[in-house]
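K.L.:
Have a look at this one before I ask anything.
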Amino acid sequence: MRQVRLATLTLLRASALTAVGTLSLAAGPVAAKPTPPGSTPASPAIQAPAAPALGVQTFGAPNQTLPGAASLPPAPSKDPNADLAYGAYQRGFYVTAFKEATKRLETNKTDFAAMTLLAELYSQGLGVRQDPRRAAEWYRLAANLGDPHAAATLGMMQIEGRGVPKDQASGRALLEKAAARADATASYNLALILIGTGVPADLTRAADLLRQAAHQELAPAQHALGVLYLQGRGLAKDPARAAEWFRRAADNGDLAGEVEYSILLFNGEGVAKDEARAARYFRHAAFRGNAVAQNRVARLYASGRGVARNLVEAAAWDMAARAQGLSDAWLTQAVAGLSPEEKARAERLAADRAGP
């Protein structure tokens, strides 16, 4: 952990990825994404975040549909090359996606994209009863036909023992196979495994794999690569490159990357110091429900750094963070002088920001 002192405000940063050896990778794996055919007072420290769990990311997150629209079938396409199965999936019509994928396999027994789609539907329980075992069977068929996305997902299922017997060696072999074909999620997950060994050669390869996935715009990989550059692990320490990868991760929706980039902006580390811009990034992450960002925004409002000092806003963001279990004794003291009316206003704001 390192400390940067800023007049009346201090930012403490910890690794954004939590702890295997000195580098930690919170929760870690990202699931592979199958692709349709043809596509490729004096203020105390503000601590930097431990990364929100990266979790298992589902492929091609379907678009939100209008209320009531989910019961309507997708309109037939006049395009002979249209992928009706994946199109239905993306629009949230899972039963139709299942039927269309099944129909495709009736006419083409080697349609691995349809197999991978069926596997994902079974894996998530979308349009069919959730069945990890059936999902693994379809992933295996697709992987055997050369789909790197299916191989990457099946590899993680074997490592975790989900739907198949736990077999870390076989799972890693599948990840290696998919990573060799430049599958971004396989590269990322394999990098996490290598980082966990702590072996210098593995760290170097992990950095290469993360770079490969990061250039394919996989946000968790961009965040992880930024951490390696920030720490100088597996590659030369370079705060400027760290800042750039955190920014790209943030722009791709990664909350941990967004908060990390905010801290670098605030400190002027690897990027020109800009407290106002840092505050905007913090606020964006805070409105997305990130408790760490909510706490940081509260401290900025209480200190008047990057934003105009506003104790009502400070109290509101503090309440939002506390509702998620992130308490802060300094903020409690900083907003203790609010009037009953101001406190009531802060409570209303906090309730609005808590979401549904």
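K.L.:
Looking at this structure, is Asn252 crowded, with 20+ Cβ neighbours inside 10 Å, of a type in the set (S, T, N, Q) and within 17 Å of the chain's Cα centre (by Cα)?
P.N.:
Details: crowded, with 20+ Cβ neighbours inside 10 Å: no; of a type in the set (S, T, N, Q): yes; within 17 Å of the chain's Cα centre (by Cα): yes.
Against the criterion (crowded, with 20+ Cβ neighbours inside 10 Å, of a type in the set (S, T, N, Q) and within 17 Å of the chain's Cα centre (by Cα)), Asn252 does not qualify.
K.L.:
Is it the case that some residue within the range 119-140 is assigned to a loop (DSSP other than H, G, I, E, B) and closer than 29 Å to Gln222 by Cβ?
P.N.:
Restricting attention to the range 119-140, the residues satisfying the condition of being assigned to a loop (DSSP other than H, G, I, E, B) are 125-131.
Keeping just the survivors that are closer than 29 Å to Gln222 by Cβ gives 126.
So far as the range 119-140 goes, yes, one or more of its residues are assigned to a loop (DSSP other than H, G, I, E, B) and closer than 29 Å to Gln222 by Cβ.
K.L.:
Let me ask another. Considering only the range 115-130, state which residues are of a type outside the set (A, V, I, L, M) and under 19 Å from Gly155 (Cβ atoms). Spell out how you get there, then give the answer.
P.N.:
Restricting attention to the range 115-130, the residues satisfying the condition of being of a type outside the set (A, V, I, L, M) are 116, 120, 122-125, 127, 129-130.
Matches in the range 115-130: Thr116, Glu120, Tyr122, Ser123, Gln124.
Listed here are the residues, each with its yes/no results for (1) at negative phi; (2) outside any loop (DSSP other than H, G, I, E, B); (3) within 20 Å of the chain's Cα centre (by Cα); (4) among the basic types (Lys, Arg).
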{"site": "Ala143", "(1), (2), (3), (4)": "yes, yes, no, no"}
{"site": "Gly146", "(1), (2), (3), (4)": "no, no, no, no"}
{"site": "Ala151", "(1), (2), (3), (4)": "yes, yes, no, no"}
{"site": "Gly163", "(1), (2), (3), (4)": "no, no, no, no"}
{"site": "Gly171", "(1), (2), (3), (4)": "yes, yes, no, no"}
{"site": "Glu176", "(1), (2), (3), (4)": "yes, yes, no, no"}
{"site": "Ala186", "(1), (2), (3), (4)": "yes, yes, yes, no"}
{"site": "Ala191", "(1), (2), (3), (4)": "yes, yes, yes, no"}
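K.L.:
Specify which of the listed residues (Ala136, Ala169, Ala221, Ala182) is touching a Leu at 6+ places or on another chain (Cβ under 9 Å) and over 30 Å from Ile263 (Cα atoms). Let's see the steps before the verdict.
P.N.:
Numbers: Ala169 fails: touching a Leu at 6+ places or on another chain (Cβ under 9 Å); Ala221 fails: over 30 Å from Ile263 (Cα atoms); Ala182 fails: touching a Leu at 6+ places or on another chain (Cβ under 9 Å).
Within the list Ala136, Ala169, Ala221, Ala182, the selection yields Ala136.
K.L.:
Also, quick follow-up: Would it be correct to say that Leu300 is outside any loop (DSSP other than H, G, I, E, B) and in contact with a Lys or Arg (Cβ under 6 Å, 6 or more places away or on another chain)?
P.N.:
Working: outside any loop (DSSP other than H, G, I, E, B): yes; in contact with a Lys or Arg (Cβ under 6 Å, 6 or more places away or on another chain): no.
Considered against the rule, which asks whether it is outside any loop (DSSP other than H, G, I, E, B) and in contact with a Lys or Arg (Cβ under 6 Å, 6 or more places away or on another chain), Leu300 comes out as no.
K.L.:
Hey, Val199 hits all of (1) outside the structural domain of Ala97 (by TED's automatic domain parsing); (2) among the aliphatic types (A, V, I, L, M); (3) at pLDDT 95 or above but one; which does it fall short on?
P.N.:
Just one mismatch for Val199, condition (3).
K.L.:
To continue, here is another question. Checking Val292 against (1) among the β-branched types (Val, Ile, Thr); (2) in a loop (DSSP other than H, G, I, E, B); (3) within 24 Å of Ala351 (Cβ to Cβ), which test does it fail?
P.N.:
Of the numbered conditions (1) among the β-branched types (Val, Ile, Thr); (2) in a loop (DSSP other than H, G, I, E, B); (3) within 24 Å of Ala351 (Cβ to Cβ), the odd one out for Val292 is (2).
K.L.:
Separate question: Step by step: first the residues of the range 103-117, then only those that are charged (D, E, K, R) and assigned to a helix (DSSP H, G or I), then the one that is surrounded by the fewest Cβ atoms within 10 Å (Cβ to Cβ). Which residue is that? If you could, list the steps in order and put the result at the bottom.
P.N.:
Here is the first cut: in the range 103-117, the ones charged (D, E, K, R) are 103-104, 106, 109, 111.
Restricting the remaining residues to those that are assigned to a helix (DSSP H, G or I) gives 103-104, 106.
On the way: Lys103: 13, Arg104: 20, Glu106: 9.
Checked the range 103-117; the qualifying residue surrounded by the fewest Cβ atoms within 10 Å (Cβ to Cβ) is Glu106.
K.L.:
Suppose we filter the range 226-255 for residues that are farther than 17 Å from Phe282 by Cα and of a type in the set (A, V, I, L, M); how many remain?
P.N.:
Final tally of qualifying residues: 7.
K.L.:
Next up: Mind counting the residues in the range 203-222 that are under 12 Å from the mean Cα position of the chain (by Cα) and in a helix (DSSP H, G or I)?
P.N.:
Going residue by residue through the range 203-222, those that are under 12 Å from the mean Cα position of the chain (by Cα) are 217-222.
Remaining after also requiring in a helix (DSSP H, G or I): 219-222.
Adding up the residues that qualify gives 4.
K.L.:
Here's something else I'd like to know. Could we say that Leu225 is under 14 Å from the mean Cα position of the chain (by Cα), part of a helix (DSSP H, G or I) and closer than 30 Å to Ala279 by Cβ here?
P.N.:
Numbers: under 14 Å from the mean Cα position of the chain (by Cα): yes; part of a helix (DSSP H, G or I): yes; closer than 30 Å to Ala279 by Cβ: yes.
Judged against the criteria, Leu225 is a match.
K.L.:
Of all residues in the range 215-242, which are crowded, with 24+ Cβ neighbours inside 10 Å and under 16 Å from Phe266 (Cα atoms)?
P.N.:
Within the range 215-242, Leu230, Ala242 qualify.
K.L.:
Does any residue of the range 310-318 turn out to be modelled with pLDDT of 95 or more, among the polar types (S, T, N, Q) and not in a helix (DSSP H, G or I)?
P.N.:
The initial filter retains those residues of the range 310-318 that are modelled with pLDDT of 95 or more, namely 310-318.
Right, trim to among the polar types (S, T, N, Q) and you get 310.
Pick out the ones that are also not in a helix (DSSP H, G or I) and you get 310.
Within the range 310-318, one or more residues are modelled with pLDDT of 95 or more, among the polar types (S, T, N, Q) and not in a helix (DSSP H, G or I).
The values are calculated or read from the model by the stated rules, or taken from the named source; none is laboratory data. Only a predicted model underlies this, so the values are computations on that prediction, with no experimental measurement involved. Methodologically, a virtual Cβ is constructed for each residue, glycine included, from the backbone with ideal geometry; neighbour enumeration extends over all protein chains shown.
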